[in-house]
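Enquirer: Structure provided below as C-alpha cells; questions to follow.
The values are calculated or read from the model by the stated rules, or taken from the named source; none is laboratory data. Since we're looking at a predicted model, the values are computed, not measured. Don't worry about glycine lacking a Cβ; one is built from the backbone with ideal geometry, like all the others, and counts go over all protein chains shown.
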Amino acid sequence: MKDKVIEVNHLSKNFGENEVLKDIHFEVYSGEVVCIIGSSGSGKSTLLRCINLLETATTGEILYRGTDINTPGFSTTQYRTKLGMVFQQFNLFKNKTVLGNCTLGPIKVLKKSKEEARKTALKYLDVVGMADYIEAKPAQLSGGQQQRVAIARALCMEPDAILFDEPTSALDPETIGEVLKVMKELAKSGLTMLIVTHEMEFARDVSSRVVFMDNGIIAEENTPENIFTNPNNPRTREFLKRTLDK
Amino acid sequence: MSSEPSFFQISYNIFLQYWPMFLKGTIVTLILAIAGTLTGTVIGLLIGVVRTIPTHPHDSTFKKILLKILNIILTIYIEVFRGTPMIVQSMVIFYGVPILFGIKLGVFQAAYFIVSINTGAYMSEIVRGGILSIDKGQFEASSSIGMSHFQTMVNVVMPQVIRNILPATGNEFVINIKDTSVLNVIGVSELFFASKSIAGNNFKYFEVYLITSIIYLICTYSVTQLLRFAERRIEGRDSYTIHGSTTLTDSKFEIRPGRS
Ligand SMILES: Nc1ncnc2c1ncn2[C@@H]1O[C@H](COP(=O)(O)OP(=O)(O)OP(=O)(O)O)[C@@H](O)[C@H]1O
Ligand SMILES: [Mg+2]
C-alpha cells in the first residue's frame, strides 16, 4: 500500500445552523489524482478549505502522513507549505510580478536564497509555459495565463500535494484547455492532486479515483470507470445525467 | 491719472515690501504640512495594521484580551481627534502638556505634534478601510503558501494598501496645508500668522489676505497636480518584456496590452 498523505476522519463543518460537511471520512494516497465532483453547494470547496486550514473544522481530525495536525508541536506553517492550493479566482499577488509571485514563498517561508528561488521559479514557470512572462504583473495576463502562474507558484513550494478548487471555472472556454493540459502533465508526472472540478471529461481521463459529494456527505467514491459508466448511487446517476446532458 | 494708487498697486507694493515674511510663513506652513502628513500617515499605517489583526478561536486568551484593550484605546484616540476641532486640540495640548506632564513644548514642536496626531487619526481609518478592501483571496493565497499574518501584511497587503490610499494621503496633505492656519492660536509663525502680523502693521486687511489666499491656492493647486503626476507614475509601467528566448536574453520584445 502506498503512503497516505492526507486522512480525514469524522470531519464536520457548520456555518451557524447550516451543517455543510457531515462526518466525512476521506483519504488521499501519494501519487493519486482524486477528483471531487458534485452539485453546487454540496460542500466541495469547504472540504478543501478545511484540509488546507483556511476554514477550521467544527469536529473531526485531519492527519498528515499519519500525524494529527492538532498534535502539540506540529507546525501548521510547515503543513501548509506541504499542501499547495490553486484557487478558482487565481489569487495571484497583485503587487508582484510573475516571478515575484513564484519566489515569495520559497524566500520568505522556505528561506531559500534569491538565486535558488529564482532558479526553481524558472523551472516551474517553464513547466506551465509561462517562463517568458516573468516580468508581467497579474493584471496584464489572461485568466488562463494567471492560473498557470498560480499553479507554478504552488509548485515552487515543492509540496507533497496540490489542492485545486475549480481551477478552470473562472476561465473563458478557449483558455480552459491550456490549464487542463498543464494539469494533465502534472498528473502524469506523479504529483499528488486533489481536484474539485466540473470538467467531467477531464475527471474521467486523469483521476485515479473520483469522489461524488452530495449535501455534505461523500455519496460515492470509485474509479472513474465505475463512477461514469456504472454508478452505484442513484444520486450520482442523477447528477451525472444532469451534468453530461448539458 | 488719479493721484490715488489703485487697489492692485497697493497689493503689489505690500507684496514687494513684505514678501520675505510671506515666504517665511509659507515655508513653515509647508514644512508642517509635509512633516505632519508623513508622520500622520506612518501613525495611520501602524494603527491600521494593529486594528486589523485577526483573532482565531484557538488564540490564547492573553492575546485576545491584549488586542481588545489595544483596540479600545485606539478607538478612543481616533474618535477624540476626529470629533474635536484641531484649533481646540491645539490649545488643550499646548497648554495642557506642560501642566499634565511637566514638559515644556516648543511652539513648533507642539504644532508638529498636533498636525501629526490629528492626521494619524484620520489616516488610521483610511488605512483600515484600505486593508479591509483588499481581496480576501490575497490573504488566502498567502497563508496557503505558509506565510504568517505579519509576512502577508508586509509583502502582499500593505504594498497594495499604500498604493490605494495614495490619493487619500494627498488629500490629507492638501487639507493640512490649509488647516495648519489654525495653529496661529498657539503662535506658530505659519502663513496665516505671518499675514496677521503684516495686516496688523499696515491695516490693509483685504489686500494682505487676498495675497495670502493666492499663496494658499498656489500651494494646494501645485500639490494636487504633483500628486496626480506621482499617481500616474506609480500606476507603473503598463508594458512588460517578454523574454523570447532564455538562451538569447537580448531577443526581447515589448508588449503593451490594451487594458491597464
Ligand atoms: N463562509 C461561509 N459562511 C456561511 N456559509 C458558507 C460559507 N462558505 C460556504 N457556505 C455554505 O456552505 C455550503 C457549501 O459551500 P461550498 O462552497 O463548499 O460548496 P461547493 O460544493 O464548493 O459549491 P460550488 O460548486 O458552487 O463551488 C453552501 O450552502 C454555502 O452557502
Ligand atoms: Mg466551490
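Enquirer: Is it true that A:N101 is away from ligand 1 (no atom under 13 Å from the Cβ) and either within 8 Å of chain B (Cβ to nearest Cβ) or at positive phi (or both)?
Expert: Criteria not met by A:N101.
Enquirer: Examine segment A:86-108 for a residue that is closer than 24 Å to B:V154 by Cβ, among the small types (G, A, S) and more than 16 Å from ligand 2 (Cβ to nearest atom), and state whether such a residue exists.
Expert: Yes, that holds for at least one residue.
Enquirer: Under the condition of being under 16 Å from B:T37 (Cα atoms) and polar (S, T, N, Q), which residue from segment B:155-203 is surrounded by the fewest Cβ atoms within 10 Å (Cβ to Cβ)?
Expert: It comes out as B:N171.
Enquirer: Sticking with this structure for a sec: Before we move on, is B:S116 in a helix (DSSP H, G or I), away from chain A (no Cβ under 14 Å) and of a type in the set (S, T, N, Q)?
Expert: Taking the combined requirement at face value, the residue satisfies it.
Enquirer: Here is a further query. Taking the condition within 16 Å of ligand 1 (Cβ to nearest atom) and either touching a Gly at 6+ places or on another chain (Cβ under 9 Å) or at pLDDT below 95 (or both), does A:A170 pass?
Expert: yes
Enquirer: Search segment B:36-69 for residues being without any contact (Cβ under 8 Å) to a residue 24 or more places away in the chain and within 14 Å of another protein chain (Cβ to nearest Cβ), and hand back the single one that is nearest to B:I162 (Cα to Cα).
Expert: B:T55
Enquirer: Among the listed residues B:I175, B:I162, B:I186, identify the single one that is within 14 Å of chain A (Cβ to nearest Cβ) and not acidic (D, E).
Expert: B:I162
Enquirer: Collect the residues in segment B:92-120 that are touching a residue at least 60 places away in the same chain (Cβ under 8 Å) and surrounded by 15 or more Cβ atoms within 10 Å (Cβ to Cβ), keeping them in residue-number order.
Expert: B:F94, B:F108, B:A110, B:A111, B:Y112, B:I114, B:V115, B:S116, B:I117, B:N118, B:T119, B:G120
Yes or no, residue by residue, for (1) modelled with pLDDT of 95 or more; (2) away from ligand 2 (no atom under 13 Å from the Cβ); (3) crowded, with 21+ Cβ neighbours inside 10 Å:
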residue	(1), (2), (3)
A:K2	no, yes, no
A:E17	no, yes, no
A:Y29	yes, yes, no
A:I36	yes, no, yes
A:K44	yes, no, yes
A:L47	yes, no, yes
A:T56	no, yes, no
A:R65	no, yes, no
A:I69	no, yes, no
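Enquirer: Any idea which of (1) touching a Leu at 6+ places or on another chain (Cβ under 8 Å); (2) within 16 Å of ligand 1 (Cβ to nearest atom); (3) away from every other protein chain (no Cβ under 14 Å) is the one A:D165 doesn't satisfy?
Expert: That leaves (3) as the condition not met.
Enquirer: If I go through segment A:169-199 residue by residue, how many of them are of a type in the set (A, V, I, L, M, F, W, C), within 16 Å of ligand 2 (Cβ to nearest atom) and closer than 25 Å to A:E221 by Cβ?
Expert: Selection size over segment A:169-199: 3.
Enquirer: Looking at A:T77 and the list (1) within 14 Å of chain B (Cβ to nearest Cβ); (2) within 16 Å of ligand 2 (Cβ to nearest atom), which single condition is not satisfied?
Expert: (2)
Enquirer: Restricting to segment A:125-136, name every residue that is among the hydrophobic types (A, V, I, L, M, F, W, C), more than 8 Å from chain B (Cβ to nearest Cβ) and either out of contact with any Asp or Glu (no Cβ under 8 Å at 6 or more places or on another chain) or assigned to a loop (DSSP other than H, G, I, E, B) (or both).
Expert: Residues satisfying the conditions are A:L125, A:V128, A:M130.
Enquirer: Also, I was wondering about something else. Does segment A:40-59 hold any residues that are more than 7 Å from ligand 1 (Cβ to nearest atom) and farther than 24 Å from B:M147 by Cα, and which are they?
Expert: Matches in segment A:40-59: A:T59 only.
Enquirer: Give the residues of segment A:173-201 that are assigned to a helix (DSSP H, G or I) and touching a residue at least 60 places away in the same chain (Cβ under 8 Å), sorted by residue number.
Expert: A:A187, A:M200
Enquirer: Just name the residue that is nearest to the other protein chains (Cβ to nearest Cβ) out of those in segment A:21-65 that are of a type in the set (K, R) and within 25 Å of A:D3 (Cβ to Cβ).
Expert: Among those that are of a type in the set (K, R) and within 25 Å of A:D3 (Cβ to Cβ), it is A:R49.
Enquirer: Pick from segment A:137-159 the residues that are part of a helix (DSSP H, G or I) and at the interface with chain B (Cβ under 10 Å from one of its Cβ atoms): which of them is nearest to A:V179 (Cα to Cα)?
Expert: Applying the first criterion (part of a helix (DSSP H, G or I)) to segment A:137-159 yields A:138-140, A:143-156.
With the extra rule that they be at the interface with chain B (Cβ under 10 Å from one of its Cβ atoms), the set shrinks to A:139-140, A:150, A:153-154, A:156.
Details: A:A139: 18, A:Q140: 17, A:A150: 11, A:R153: 14, A:A154: 14, A:C156: 17 Å.
Of everything passing the filter in segment A:137-159, A:A150 is nearest to A:V179 (Cα to Cα).
Enquirer: Shifting gears a bit: State whether one or more residues within segment B:83-96 are under 15 Å from the mean Cα position of the chain (by Cα) and within 20 Å of B:N176 (Cβ to Cβ).
Expert: Yes; the residues of segment B:83-96 include at least one that is under 15 Å from the mean Cα position of the chain (by Cα) and within 20 Å of B:N176 (Cβ to Cβ).
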